[in-house]
Amino acid sequence: MKRILIALFLLSSFSTGICSAQSTQEAELKNNENSLLWRISGNGLQHDSYLLGTMHNVHRTFLDSISGFRKAFKAAKQVAVECDLFTAESDRNSKSKEELKDYIFMPQDTTYAMLYSSDDYQFVDSIMRSGNRQYFKYKPFFWHNFFTKMIIYDSIKNIQSSMDGFILLIGYQNNKKICFMETLEDIGRKATEFDSLGYVMDLHDQAKMLQYILKYPNSTRPFVNQMKKYYFKQALTQLSIDSLTKQLKIEDAPQIVRDRFKLLLSGKTFRTVKN
């Protein structure tokens, strides 16, 4: 097996039980479950490989804070990242307006007024109508999704300044073999499937989610900021879903809102790479 550096997007937690993975922090012989960079050895492997947990919204300069990264990168013959980030950014800039799916539109027999009490409806309607007088054509989840993505995407504007983008860039510059763990089509399909799940929720639950984000417009941002805080500290055990939920004190939020936050936080996957 060739030496390989695998960079994985880290959202909520980090698995330490992959191929006898061992921390490469200051003392390599001492396991440290909070380490961001892991050395993969044993099980008959001829060469060590490395597993790195990254965050899309963390600037590339943070790589200098990860003990052992430069050594691991220099030793690796190939680099594996989530997808072709530069092509994804180019496609995003040149893509024409996507066709709207039928399931995002409100059913003809239901109105927003039917989903709320009189006072709650007045609150939601006053805000939504000021931004889009035709808002009622779309299901509440459409707008909840819209506001949430605005907050998240605001923190990852410059793809080449992110950790993932920089690793890909220097991989090319140093003539490393580049591996992509997913195609852009795979990611697009999964994103569509994930989004579509929200639209099959009961409209009253969708309405609660929209009302909550309108009432607490900064409710998503603390999650993102708190994740970055613990990531910078490399305190990965603090990045658990239950821990963040308690720290951010959203226990009083509607159950559907808490469930959605947990789903958002657990949206990471680990993949194997064949050589």
**Report entry** Förster radius 41 Å - calculated FRET efficiency between residue 126 and residue 65, Cβ distance, rounded to 0.05
**Finding:** 0.35
Query raised in the report: Relative to a virtual label point 7 Å from the Cα of residue 146 in the Cα→beta-carbon direction, which members of the range 196-235 show backbone nitrogen distances below 19 Å?
Result: 196-201, 203-221
Query raised in the report: Taking a 25 Å limit on the Cα-Cα distance, which of the listed pairs 149/215; 176/233; 101/208 fall beyond it?
Result: 176/233
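No lab work stands behind these numbers, since they all come straight from the coordinates. Owing to the predicted nature of the structure, the values given are computational and were not obtained by experimental measurement. Note that each Cβ is placed from the backbone with ideal geometry, even for glycine, and that neighbours are counted across all protein chains shown.
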